[in-house]
Amino acid sequence: MQHDTPALAQPCRQLADLPGPRRLPLLGNAHQMHRGRLHQDMENWSREYGPLFSVALGRTQMLVVADHALIAQVLRERPATFRRPSVTAEVAEELGGVPGVFEAEGADWRNQRRMVMQAFAPHAVKAYFPSLVQVGQRLRKRWEGLAAAGKTIDLGADLRMFSVDIVAGLAFGSDVNTIETGDNAIQRNLDKILPAVGERSMAPFPYWRYVKLPRDRQLERSMAAVRVAVGELVAQAKERMRLDPQLAARPRNMLEAMLAAAAQEGSGVTEVEVAGNVLTMLLAGEDTTSNCMAWLIWLLHRHPQVLARAREEVLRVAPDSAALSIEQLDGLDFIEACANEALRLKPPAAFLPFEALVDTVVGDVQVPKGTLLWCVMRGSSVDDAWVANAARFDPQRWLDGAIDKKVSMPFGAGPRTCPGRYLALLEIKLGMAMLLGGFEIASVSTTHGGEPAEKLGFVMEPETLQMRLHARSKDLKS
Ligand code: HEM
C-alpha cells in the first residue's frame, strides 16, 4: 500500500493517536516481534500503517519512522535534538566500556569526532593503503589454496577475517593476521561482548544487576581481557611516538593519529577515550563491511550479466590485485555502483534507533523528550514509489542518475554520518578486484539451496553462504 510523505505541517498528532499493531496489556507488541528479524517486522508494519506509526515494547511506546525525508530530518537534528538511545550507553558503561565516538554524545562526541576524522583524512588512508593490499593478497592466497583443493569457502567467515585484519591493522597499527593464523584474542572476546550488549539493551528486565549467571561472569572476564589488551596497544603506540616524535606529524595508523590529535592543545580528548575509539572502530568497521561484501557477492552471482560487466571493469582498470593503487580502485565506478545497489537492497544497518533529547516534532507528530525512535532504513529505498523497479538489482541506476541518491542512506546522514564510508568502499573494491580478477565463481549457495534468510544481530547479515571458486588461468586474465 502506498502512503504519502506526511507534510511538515503544524503538529497535530500525539503518539497515542498514531496507527500501529494491536497491543496486549503489559507486553505491548513484544509477542509479535521476532528475534533475529525485528527489522522485517517493522518494515512489514510500515507497509500496513504508513511512514509514522507506533509500537510498544512492554509499556514503552516507540515511534517508528519509515520515510527517508523524515529520517533524514532526525539524523540531521543531532546532536541537539536526538541522540543514540541512552540505554545502550548505560549497558556498555556498566560493563566498564569507555564510550567511543559511536556512543558519545554532546561535547564529548564533538571532540571525539574531530579526533577520529583526522584519522580518516585522505593522507592517513593513503599511508595505510599498502597494508590493505597485503591483506587482500593473503585472502587471495587462501582462496587459491581452497580452490585448488576443491574445497568450499565459508563466505561470511572468510570475509570477516578480511575486514578484521584490515580494520585492526588500521586501528591498532599491528598486523593481527587472522587470515593466516585463524585467531585473534581481542576479536574472540569482542565476539562475546557485542551480542550481550545488544541483548541487554533490549532486555525487558535487567536481571544481571541482581543475579549473575555463568554467561554474565564470562562477559565480565571478556571485557577485562579486552581492556588489558587495548591498554597494552595504546602503551606500545605511545612508546613508539616517544622514541620517534616525527610520528605525531606523520602517523602510520589510526591509533597514532588519534594519540597525536588527543595531545593537541584544547583537544578535549583523553587517552582513555582514545582506547575507547580503538574498540569502536573494530565494532563499527568489521561486520558492516564484511556483510555488505557477502550480500554483494551473492547478488552478483545471481546476476551473471552484471557480474560479467563488473569483471570486465576490473580487468580493464585494476587487473593486477598484487599491485593495486588507490587511484585504480577509485576508478572502479561500476563496482562502486554494485556496492551501492547491494547496500540499498541489503543494508547492514537495517535500522537506526534514537532517543529524543527534548520535546520536538517529527512530521506531524509531537514527540515528547525521552521518546525512543526506530528508523526503518530500508523503506523508501525499496519502494516503487521512490525507486523504479525497486526490487531489481540494477547497479546502472547509480551511474545514469536514475535514482535519487538521498532515498538510500546505508551510511546514515547528517553530522554523525559514517566516517568509515570511504574506507569501507575502498575495502569492498579491493576485495572485488581480487575476487573477479583472480577467480571464476562456480557457486554461492545456502545449505538449503534457497534465498539466504536475513539475520539481524549487531548488523543484518545473510545466513551461512558457501562459495566455490576456480582460479582463472593466466591467459584469461586479460
Ligand atoms: C559497509 C560498511 C559500513 C556501513 C554500512 C556503515 C554504516 C554506518 C551507519 C549506518 C552509521 C550510523 C550513522 C548515523 O548515525 O548517521 C555508522 C557510524 C559509524 N561508523 Fe560505519 N559503516 C560501515 C563501515 C565502517 C568502517 C569501515 C568504519 C571504521 C573503520 C566505521 C566507523 C563508524 C563510526 C566510528 C561511526 C560512528 C560515527 C558517529 O557517531 O559520529 N564504519 N556506520
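Each reported figure results from applying straightforward, stated rules to the coordinates on display, with no laboratory input. Because the structure is predicted, anything quoted here is derived from the model rather than measured. We place every Cβ from the backbone using ideal geometry, glycine too, and count neighbours over all the protein chains shown.
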* Semi-axes, largest first, in whole Å: what does sqrt of 5 times each Cα gyration tensor eigenvalue give for the range 287-349? -> 21, 14, 10
* Structure fact -> Measuring from its Cα centre, the range 72-158 shows a charge dipole (+1 at each Lys and Arg Cβ, -1 at each Asp and Glu Cβ) which, in debye to the nearest 20, is 560
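Filter the chymotrypsin sites (Phe, Trp or Tyr not before Pro) in the range 187-277 down to the DSSP loop ones having no more than 14 other Cβ atoms within 10 Å, then list what survives.
On the way: sites: 207, 208, 210; in loops: 210.
Here the sparse-neighbourhood loop sites are 210.
Out of the range 238-337, which chymotrypsin sites (Phe, Trp or Tyr not before Pro) are coil in DSSP terms and have no more than 14 other C-beta atoms within 10 Å?
none
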* To do: Per DSSP H run of n ≥ 4, the term is -39500 (n - 2.57); total these for the chain, divide by its residue number, and report the mean residue ellipticity at 222 nm rounded to 500 deg cm²/dmol.
  => -16000 deg cm²/dmol
* Summing Lys, Arg as +1 and Asp, Glu as -1, what charge do residues with Cβ under 10 Å from the Cβ of residue 258 carry, residue 258 excluded? -> -3
* Rank 193, 125, 96 by how far each Cα sits towards the positive end of the charge dipole of the range 94-197 (+1 on Lys, Arg Cβ; -1 on Asp, Glu Cβ) and give me just the farthest. => 125
* Asked: With the dipole of the chain worked out from charges on the C-beta (+1 for Lys and Arg, -1 for Asp and Glu) around the Cα centre, which of 70, 149, 372 lies farthest toward the positive end?
  -> 149
* Structure fact -> If each part is reduced to its alpha-carbon centroid, the range 51-101 and the range 261-331 end up apart, in Å, by 26
* Global form of the chain, assessed from the alpha-carbon gyration tensor, a/c cut-off 1.5 -> oblate
* Given charges at beta-carbon only (K, R positive; D, E negative), |dipole| of the chain in Debye -> 480
* To do: Apply the Debye scattering formula to the range 62-142, with a single equal point scatterer on each alpha-carbon and no solvent, then give log10 I(q)/I(0) at q = 0.18, 0.21 Å⁻¹.
  => -0.92, -0.99
* Asked: Over the alpha carbons of the range 71-214, what is the largest minus smallest coordinate on each principal axis, giving the biggest first in Å?
  -> 53, 44, 30
* Can you list which of the trypsin sites (Lys or Arg not before Pro) found in the range 129-164 are DSSP loop residues with at most 14 other C-beta atoms within 10 Å? => 151
* To do: Mind listing the long-range amide H neighbours of residue 82? Cut-off is under 5 Å, sequence gap 5 or more, other chains count too, H placed in the peptide plane at 1.01 Å from N.
  => 357
* Asked: In whole Å, how far is the Cα centre of the range 216-257 from that of the range 146-204?
  -> 19
* Structure fact -> With no solvent term and unit scatterers on the alpha-carbon positions of the range 319-460, Debye gives log₁₀ I(q)/I(0) at q = 0.14 Å⁻¹ of -0.85
* Does the range 27-96 come out rounded, prolate or oblate by the C-alpha gyration tensor, with a ≥ b ≥ c the root eigenvalues, rounded set by a/c under 1.5 and, if not, prolate when a/b is larger than b/c and oblate if not? -> oblate
* **Cut-off under 5 Å, modelled amide H: who pairs with residue 390 long-range** => 384
* Gyration tensor (alpha-carbon) shape descriptor, the range 144-202, a/c threshold 1.5 -> oblate
* Please report, to two decimal places, log10 I(q)/I(0) for the range 124-165 at q = 0.17, 0.23, 0.35 Å⁻¹ as given by the Debye formula with identical point scatterers on the Cα atoms and no solvent. => -0.51, -0.78, -1.16
* Enumerate the amide H contacts of residue 469 below 5 Å, restricted to partners 5 or more residues apart or on another chain; note that Pro and chain-start residues carry no placed amide H. => 442
* Mind checking which of 303, 24, 332 is farthest towards the positive end of the chain's charge dipole, using Cβ charges of +1 (Lys, Arg) and -1 (Asp, Glu) about the Cα centre? => 24
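Which peptide among 320-332, 376-388 comes first, and what is the full order, when sorted by highest mean count of other Cβ atoms within 10 Å?
376-388, 320-332
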* Of 126/346; 192/429; 406/429; 346/369; 141/429; 369/455, which pairs sit farther than 26 Å apart, going by alpha carbon to alpha carbon? -> 126/346; 192/429; 346/369; 369/455
* How large is the dipole of the range 425-478 about the Cα centre if only Lys and Arg carry +1 and Asp and Glu carry -1, each at its Cβ, rounded to the nearest 20 debye? -> 320
* Rounded to the nearest 0.05, what FRET efficiency do residue 470 and residue 235 give with R0 = 35 Å and r taken as the Cβ-Cβ distance? Could you check? => 0.15
* To do: For the range 122-127, just list the computed ³J(HN,Hα) in residue order, Karplus coefficients 6.51, -1.76 and 1.60, θ = phi - 60°, integers in Hz, with x standing in for Gly and Pro.
  => x, 5, 5, 5, 4, 4
* **Diffusion coefficient, µm² s⁻¹, Stokes-Einstein with Kirkwood Rh over alpha-carbon pairs of the range 232-291 at 10 °C and 1.306 mPa s** => 130
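How many percent of Cα pairs in the range 184-286 exceed 21 Å?
46
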